[in-house]
Structure formats: C-alpha cells, structure tokens
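Undergrad: The structure follows.
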Amino acid sequence: MSVKSAERVLDVIDYLTLTDEGATLMELSKKLEIPKSSMSQLLGTMLRKDYLIKTNGNIYKLGHKLITAGNKARISNDIFSSSISILKETVSKTGETVFLAIRSSEEIIYLAKIDSEDSARTTAQPGMRKPLHCTGLGKAFLSFEDEDVRAELLASISLDYHTSHTITDRSKLEKVTSAFRAQGFAIDDEENDLGVYCISAPVYGDQGNMIAAISCAGSKARMLKKRQSVIEEITASAKRISATQGYNGGDR
C-alpha cells in the first residue's frame, strides 16, 4: 500500500533532481499534478527539514541534507568501495582522469571521478547524470548490456544533440555499439565535451550481468598518442573490478 504524502515528497525530489535551475511552486504543482495548497504545505515541511532550499526568486532547489545523503549512498555503494583503489592505480598508469558509473534507466550516474593533474577537465562530477548515447560510459552500457536490454535502450532513448560529433542517428548508433561490443571497449570521440576523448569498458557482476562501467578521459590529442596503452589499462582495470564483484569471466 502506497502512502500518498510520501509519494509526493519523492516525486518532488525526483523532479528537482532532473533540473539544475530548480522550480517554482506553480511549476511543481502543475508538473506533478498536486494542488497548489497541498504543494505549498509539502514544500514548507521540506524546507524546514533542510531537504529543500528556496532562493530569493522563490525557486526551490534540493537542500544540503539530500547532498549529504547522496554522497553517503555513493560512498557506501559496494562497487564504489571495491573500485576506488583500482581506479586510483589506473589514473597513475594512464595519467588521465578515470570515472566509474552505473546506469539508472536511460542515463548514467557518476559514482566516482579520480582526476589526473595533467588531464583535460570534463563537465562530469560524482552524482551527476548524463545521457547514454553521447558519453563513453553510456555507450559502454549500450554496447555490453544483455542483448534484450541493449535493443530496448537503443530503440527508446532520446538522441539529443550535444556537440557536432554527437551521434543522433539511431541506426548508426546501433552499428557503432555493435562494433564496440565486438572489440571489448567503447569510445566517446568529442560527443559530449569538445576536445575530450574517452575510452570505456564494462564491469560485470557475479551473475554475468553488466553492473557498471569505467572510463578514462583526456584531451583528444593526448589520448590518441597513447590510445593502445589506455585501452589495455582500462579493460584490465574493468576486469579486476569485475572480479571483486564475483564475476569469473563466464556467461558472456
């Protein structure tokens, strides 16, 4: 049995999670189909408990308690704790920034970002969500998920334009990810951030299913010079992390 007030709180959190700009009382009331008076009381309670903040322009945004809770969830995630030392080693070997992400429906969520001092800066940060079709990590999921999941994602996800290199043609994306599946790693070639080249690889769980992905990203010129060594490091690291999750290399 669902609890209506609890569902409404979660709906507000979900909606505000998807917008960087926040939202007004009227927008939340309209979008979530909750009467204005009820929404006002709900937002008031969430403000008092520090789950929301309200700007001078009467815009509601997520509060610090949710930031704390999100960071706690990220750090306590088993794949995060099992991966972090391996990710740090990968950064030291490649000299570039390394990421860890999981998939949430049609997006990725970054769990970890280990920066290299010399690497190009990217817009991605832990806790951030990004699309599947234009990120190396996302394309890893589109390449290495089980075939039925992969087919459903490729047929349904939005293919929005992010840079002049973003693949927005569905048939082309299917062909590219099929090639990635065959070669064992995926590529993002300036498709989300101009000038950034990314190599990614899948992480599997004990049932042989894909549970996460890791990637190495840096300036395109630098990455192309050491492309093969980065491929070897990132795929080896992904296998090491998979082993920590009980994957024995079978059932793929």
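Undergrad: Quick check on my filter: what residues within the stretch 176-205 are without any contact (Cβ under 8 Å) to a residue 60 or more places away in the chain, assigned to a loop (DSSP other than H, G, I, E, B) and under 19 Å from the mean Cα position of the chain (by Cα)? Let's see the steps before the verdict.
TA: Going through the stretch 176-205, the residues without any contact (Cβ under 8 Å) to a residue 60 or more places away in the chain turn out to be 176-191, 194, 197, 204-205.
Checking the rest, the ones that are also assigned to a loop (DSSP other than H, G, I, E, B) come to 184-185, 190-191, 194, 205.
Once the filter is applied, which keeps residues that are without any contact (Cβ under 8 Å) to a residue 60 or more places away in the chain, assigned to a loop (DSSP other than H, G, I, E, B) and under 19 Å from the mean Cα position of the chain (by Cα), the stretch 176-205 yields 185, 190, 191, 194, 205.
Undergrad: On to the next question. Check the stretch 105-114 and report whether any residue there is more than 30 Å from residue 154 (Cα to Cα), modelled with pLDDT of 90 or more and not aliphatic (A, V, I, L, M).
TA: Looking only at the stretch 105-114, we keep the residues that are more than 30 Å from residue 154 (Cα to Cα), and these are none.
Scanning the stretch 105-114, I find no residue that is more than 30 Å from residue 154 (Cα to Cα), modelled with pLDDT of 90 or more and not aliphatic (A, V, I, L, M), so the answer is no.
Undergrad: Right, here's the next one. Working carefully through the options 159, 173, find the one that is among the aliphatic types (A, V, I, L, M), more than 17 Å from the chain's Cα centre (by Cα) and closer than 15 Å to residue 131 by Cβ.
TA: Values: 159 fails: more than 17 Å from the chain's Cα centre (by Cα).
Just a single option satisfies the conditions, and that option is 173.
Undergrad: If I ask for residues that are surrounded by fewer than 21 Cβ atoms within 10 Å (Cβ to Cβ), under 18 Å from residue 189 (Cα atoms) and in contact (Cβ under 8 Å) with a residue 60 or more places away in the chain, which ones from the stretch 206-252 would you list?
TA: 219, 222, 226, 229
Undergrad: Being in contact with a Gly (Cβ under 9 Å, 6 or more places away or on another chain), within 18 Å of residue 223 (Cβ to Cβ), charged (D, E, K, R) and surrounded by 17 or more Cβ atoms within 10 Å (Cβ to Cβ) narrows it down to one of 107, 96, so name that one. Talk me through it step by step, then tell me what you get.
TA: Details: 107 fails: within 18 Å of residue 223 (Cβ to Cβ).
Step by step, each of 107, 96 is checked, and only 96 is in contact with a Gly (Cβ under 9 Å, 6 or more places away or on another chain), within 18 Å of residue 223 (Cβ to Cβ), charged (D, E, K, R) and surrounded by 17 or more Cβ atoms within 10 Å (Cβ to Cβ).
Undergrad: Sort out which residues of the stretch 40-70 are surrounded by 13 or more Cβ atoms within 10 Å (Cβ to Cβ) and in contact (Cβ under 8 Å) with a residue 24 or more places away in the chain, and write them in order of number.
TA: 42, 43, 46, 51, 52, 59, 60, 61, 62, 66, 70
Undergrad: Out of curiosity, is residue 117 more than 15 Å from residue 188 (Cβ to Cβ), surrounded by fewer than 17 Cβ atoms within 10 Å (Cβ to Cβ) and at pLDDT 90 or above? So that I can check it myself, show each step before the final result.
TA: Values: more than 15 Å from residue 188 (Cβ to Cβ): yes; surrounded by fewer than 17 Cβ atoms within 10 Å (Cβ to Cβ): yes; at pLDDT 90 or above: no.
In short, no.
The values are calculated or read from the model by the stated rules, or taken from the named source; none is laboratory data. What you see is a predicted model; the values in this text were computed from it and never measured. Every residue, glycine among them, receives a Cβ derived from its backbone with ideal geometry; neighbour counts consider all protein chains shown.
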